[in-house]
Structure formats: structure tokens, C-alpha cells
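Trainee: First the structure, which I've put down as C-alpha cells, then a few questions once you've had a look.
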Amino acid sequence: MGTIKQEFILKSNALMTGMPSEARVCPSDKKGIRFHFNGKTVEANINNVVSTEHCTVIGNADIKVMLIEHFMAACAICKIDSLDVYLTHFELPIMNGGSKEWADAFNNAGIVNPDTRVCRIKEGVWYLNGKTHLVVLPSDNLNVTYGVNFRHKDLKNRWVSLDMSKLDEVTEARTFGYLNEVEMLQKAGYGRGASLENTLGLTDDGYTTELKSEFEPVKHKILDLIGDFYLAGCNITNFKGEIIVKEAGHTVHTIVANMIKDKLIMEE
């Protein structure tokens, strides 16, 4: 079981609600990643996904926890599968909009017994719905390719492949959105904690801030995919298979993650 040597605390505003949020992340000798809020607990598991509107939300009759995908992606990247996370707010802190701060905190805390098992799939699965598709096929190598088609000069019919030698570019890729939709989203109760530090705005002719790497928004989509698939026990960074995604999001990620959960083979 992969966990950390010592606990740490990270805090910032939450992206959706804009409220202050603090996470105390603690080592655990019990397998699973559990979130605790107001004395209630929910495990990070694909069976506990209750919403995928704008972000991934897990919950049960007692508790809901929002925007877990960036945290889960950092856990996957750092090979961690056993933690207890105590929250002061029902949405995780957004930090700088990606997973880098979480991954750095894990490494600084020290990682014990990282789960380096290779993950494979017994047979292919796919989801096809109009312009959207997500296909997972057996392979002896890891290949992840993500395609988007956004209303933006750099992101029309843009395909990006995961380069494990440049995984840091995925880890630091920020959440993003169209700048001209911010007011509408905030009136609907979303994105109230968005700022130039944690969110990359897409404008008519560019971006609100300098990109951290080329095609950063597509790399953030790959980051979301890593976090969502890890809810089903599939660590893409340890995966041997072909994953092809086109114009998808959290809903499709979690649908396919649920499809593959019983088809996984773990190898030492």
C-alpha cells in the first residue's frame, strides 16, 4: 500500500464555491483514499461518483466532496493508494489549478511503499456517442492520445499524446475555460474561486496568462483522465494499454472507468 510518511496541510480557495478550503492529508495503513468532512466519510471510488457536472463529485447519503480529480491524479502519479484526508470544506482547495502542489507535497512528506504494479486490461472497452469517444485497448505499451475541438485557434481538432518523459507538463497543467463564459458560470454557482493564478482563460486571440507548456488545456484534460480513471483502480501512469479519447469530459471518463474496473489485471 502506497502512503506518505507524515501528514501535511494544504489550503487555498475552492474553485467552484470560492470558499476557503483546507485539506489535512494523513498517512494510512488501510488501503483506500478516504475523505472526511464534518465527521462523515466517503471513499474515493468509482461507485461513489454522484456528479460529473463541471468536476467530479463523490458522495453517499451523509457527505459529498467536490473536485477530487486533481488530487486523485496526483495520487496516481505518486503511486499512492492509502490516505485519510480531513477537509474543512466540501470542495478540495484548487491550489494553482493542477496537481503539481499535491504531488510536491506528497514527495516532500515522503512516499512509503509506492504501488508500482503494472495495470493491464483483459479486453477492449469503448464508449461512442456522436463526436465523443473513449476507447481502451490491450497493448504491451502505454499510449494515451487525447483530442479536443474547442472554439480557439490553437485547440481546433487538436490531438496531444501523453509523454511520460514530460509528465510534469501534465501535472502542472491548469484548469481552463472560456473567458467570456466566466460571468455566466459564476451566476450559476460555478467557478467563483477562479483567478489568474489557478485558471487559464481562453480568449478570442489567445490566453489570459502565459502557457506553462504547449497545448496546456489538452494536457489538463489528460490530467483529469488520470484522476477519474484512478477512481476505478486504473493508474494510467502504470498502465499497459492504448487509450484514445476524443471530445470527452468527466462524465465519459467515469462511465468508461466504471466499464473497465472489473477487467483490470494487476501485475507485480
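Trainee: Under the rule of -39500 (n - 2.57) per DSSP H run of 4 or more residues, summed and divided by the residues of the chain, what mean residue ellipticity at 222 nm is obtained, to the nearest 500 deg cm²/dmol?
Mentor: -6000 deg cm²/dmol
Trainee: How high is the relative contact order of the chain? Use alpha-carbon pairs under 8 Å, at least six apart in sequence, and give a whole percent.
Mentor: 26 percent
Trainee: Summarise the long-distance tail of P(r) for region 60-164 by giving the % of C-alpha pairs beyond 22 Å.
Mentor: For region 60-164, the share of Cα pairs beyond 22 Å comes to 54 percent.
Trainee: A further question follows. Round to the nearest 10 and report in Å² the accessible area of residue 104, as given by a 1.4 Å probe over the protein chains' heavy atoms.
Mentor: Accessible area of residue 104: about 60 Å².
Trainee: Just from the alpha-carbon atoms, what are the Rg and Dmax of region 116-218 in angstroms?
Mentor: 16.6, 47
Trainee: What does the extension gain come out to for residue 129 and residue 186, with contour length at 0.36 nm per residue minus their alpha carbon separation?
Mentor: Additional length available on full extension: 17.6 nm.
Trainee: Return the whole-Å distance between the Cα centroid of region 154-173 and the Cα centroid of region 69-115.
Mentor: Region 154-173 and region 69-115 have Cα centres separated by 20 Å.
Trainee: Determine the share of region 182-268's accessible area contributed by carbon and sulfur atoms, expressed in whole percent, with a 1.4 angstrom probe.
Mentor: The nonpolar share, carbon plus sulfur, comes to 49 percent.
Trainee: Could you order peptides 73-81, 8-16, 246-254 by the average number of other Cβ atoms within 10 Å of their residues, highest first?
Mentor: Result, highest mean Cβ count within 10 Å first: 73-81, 246-254, 8-16.
Trainee: What distance in nm separates the simple spin-label points at residue 240 and residue 107, each placed 7 Å from Cα in the Cβ direction?
Mentor: Taking the two extended label points, one gets 2.7 nm.
Trainee: Residue 265 to residue 161: FRET efficiency via 1/(1 + (r/R0)^6), r the Cβ-Cβ distance, R0 22 Å, to the nearest 0.05?
Mentor: 0.40
Trainee: Moving on to the next point. Whole number in Å², please: accessible area per residue of the chain, 1.4 Å probe, ligands, DNA and RNA not counted.
Mentor: Using a 1.4 Å probe on heavy atoms only, each residue of the chain averages 45 Å².
Trainee: Determine, at each q value in 0.27 (inverse angstroms), the log₁₀ of I(q)/I(0) that the Debye formula gives when each Cα of region 112-154 is one equal point scatterer.
Mentor: Treating every Cα as an identical point scatterer, log10 I(q)/I(0) equals -1.07.
Trainee: Taking 0.36 nm per residue of separation and subtracting the Cα-Cα distance, what length does fully extending residue 11 through residue 62 add?
Mentor: Answer, rounded to one decimal: 16.0 nm.
Trainee: Could you work out the per residue convex hull volume over the alpha carbons of the chain, in cubic angstrom?
Mentor: Given the Cα convex hull of the chain, per-residue volume reads 123 Å³.
Trainee: On the full set of protein chains, 1.4 Å probe, figure out the accessible area of residue 263 and give it in Å² to the nearest 10.
Mentor: So the heavy atoms of residue 263 present about 50 Å² to solvent.
Trainee: Using θ = phi - 60° and the Karplus curve 6.51 cos²θ - 1.76 cosθ + 1.60, what whole-Hz ³J(HN,Hα) does each residue of region 225-241 get, with Gly and Pro shown as x?
Mentor: 4, 4, x, 5, 5, 5, 5, 9, x, 9, 8, 4, 6, 10, 8, 10, x
Trainee: Would you mind telling me the share, in percent, of accessible area of region 25-113 contributed by carbon and sulfur at probe 1.4 angstrom?
Mentor: C and S fraction of accessible area: 44 percent.
Trainee: Which ³J(HN,Hα) values in Hz, rounded to whole numbers, follow from the phi angles of region 13-25 under the Karplus curve 6.51 cos²θ - 1.76 cosθ + 1.60, where θ = phi - 60° and Gly and Pro get x?
Mentor: 6, 8, 5, 6, 7, x, 7, x, 9, 10, 10, 9, 9
Trainee: To the nearest Å, what is the center-to-center distance of region 30-51 and region 204-266, using C-alpha atoms only?
Mentor: So the two Cα centres are separated by 20 Å.
Trainee: If you plug each phi of region 197-205 into the Karplus form 6.51 cos²θ - 1.76 cosθ + 1.60 with θ = phi - 60°, what whole-Hz ³J(HN,Hα) values come out, in order, with x for Gly and Pro?
Mentor: For region 197-205, the Karplus-derived couplings read 7, 10, 9, 8, x, 8, 10, 4, 10 Hz, x marking Gly and Pro.
Trainee: Next up: Just to be sure I understand: of the beta bridges DSSP finds with both ends in the chain, what percent are antiparallel, rounded to 5?
Mentor: 70 percent
The values are calculated or read from the model by the stated rules, or taken from the named source; none is laboratory data. These numbers come from a predicted model, not from an experiment. All Cβ positions, glycine included, derive from the backbone under ideal geometry; neighbour counts span all protein chains shown. Quick note on the areas: whole protein, heavy atoms, side chains included, nothing else; ligands and nucleic acids left out. Shrake-Rupley method; radii C 1.70, N 1.55, O 1.52, S 1.80 Å.
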